[in-house]
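The values are calculated or read from the model by the stated rules, or taken from the named source; none is laboratory data. What you are looking at is a predicted structure, and each value in this text was computed from that prediction instead of being measured. Quick reminder, even Gly has a Cβ in these numbers, built from the backbone with ideal geometry, and neighbours come from all protein chains shown. Side chains included, ligands, DNA and RNA excluded: accessible areas come from the protein's heavy atoms. Shrake-Rupley method; radii C 1.70, N 1.55, O 1.52, S 1.80 Å.
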Amino acid sequence: MAQRDTEQDAEQAGLEQARELLSAAGRVTVLTGAGVSTDSGIPDFRGPQGVWTKNPAAERIWTFEHYRDDDEVRRAAWQERVEHPMWTARPGPAHDALVALERSGKLVALLTQNIDELHQAAGSSPDSVLELHGSNHHTVCLTCRAVTPMVEALDRVRAGEDDPRCPHCGGVLKATTIMFGEMLDVEVLGRAREAALACDVFLAVGTSLGVHPAAGLVDIAAMAGAEVVIVNAEPTPYDRIASVVLRGGISQVLPAIV
Ligand code: NAD
């Protein structure tokens, strides 16, 4: 009982410290990961209910080389995509809290590793959202680079095609996401680094901080003198350099500190 009281006191103290840091800050940069969308029904990769935690073999369909070269991997990927909860998911309290942060005028940029566009659906301005890993809402042809809405390809899968090809040239279609084995967009990454350099507080939310170069943005912000606040249920490699680490549920913690 006494131990639980101590843990609750520590959590409360952490919440207050985070609130004070954010309230004193003039410029806040936020990095989000899959954890901000789990309460919207989209599983993360590495959390306890994560897609890869439950099925490590699923990693293959997120790896560019396998996806490009193996039509069996592509068929599995399309089946996974068409059944994905992303298409009906709605933003939650965490997304809303970040809209409020933007409206307060403090937000430098919202850097997200998510590909679900839920920040924009909540009302974050598309100009302030930097999608480090792209978006799942379009496809790109690996041959002619034509970009088309994902919904068109999904409709074709629902109609019976198991590996829909480019409507222009017949090439392989993939989502406009950055898969493992692909480079991040240089311009997007450059703008993200500038935002990490330009903040007083760097807030990392719902990310295991295990994927680079996105996770390295924490280093950049910390080395430039920003206070780092981490909100994540599980430990991350950056907890030791953070001013505050909060382990509570994101949908509760974020509205409480922003
Ligand atoms: P991750 O799966 O590696 O880590 C998510 C972290 O969030 C975990 O440590 C987990 O403990 C924590 N978490 C989950 N729900 C939480 C909650 N309600 N409260 C507190 N903590 C919670 O995710 P990542 O670091 O973003 O890296 C995974 C990669 O997969 C990213 O590149 C991302 O693009 C992609 N991804 C995106 C989505 C999406 O768009 N929603 C979903 C799955 C994976």
Whole-Å semi-axes of the chain's equivalent ellipsoid (Cα gyration tensor):
34, 20, 16
For the chain, share of DSSP beta bridges that run antiparallel, in % to the nearest 5:
25 percent
What percent antiparallel are the DSSP beta bridges of region 108-258, to the nearest 5?
40 percent
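Could you sort 130-138, 157-165, 60-68, 198-206 so that the peptide with the highest average Cβ count within 10 Å comes first and the rest follow in order?
Per-residue mean Cβ counts within 10 Å order the peptides as 198-206, 130-138, 60-68, 157-165.
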Region 229-248 scanned against label point 7 Å out from GLU11 along Cα→C-beta; backbone N under 18 Å for 230-236, 244-248
Region 69-119 to region 188-258: how many Å between their Cα centroids?
18 Å
Please state the relative contact order of region 98-243 as a whole percent: Cα pairs under 8 Å, 6+ residues apart?
18 percent
Can you give me the % of accessible surface on region 44-190 that is carbon or sulfur? Probe 1.4 Å, all protein chains present, nothing else counted.
51 percent
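Using Cα pairs under 8 angstrom and six or more residues apart, how large is the relative contact order of region 185-258, in percent? Show your work: numbers first, answer last.
Details: 99 pairs, mean separation 20.5, N = 74.
Over region 185-258, the number comes to 28 percent.
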Determine the per residue accessible area of region 65-119 with all protein chains present and a 1.4 angstrom probe, expressed in square angstrom.
45 Å²
Sum of -39500 (n - 2.57) over DSSP H runs of 4+, divided by residues of the chain (222 nm, nearest 500):
-11000 deg cm²/dmol
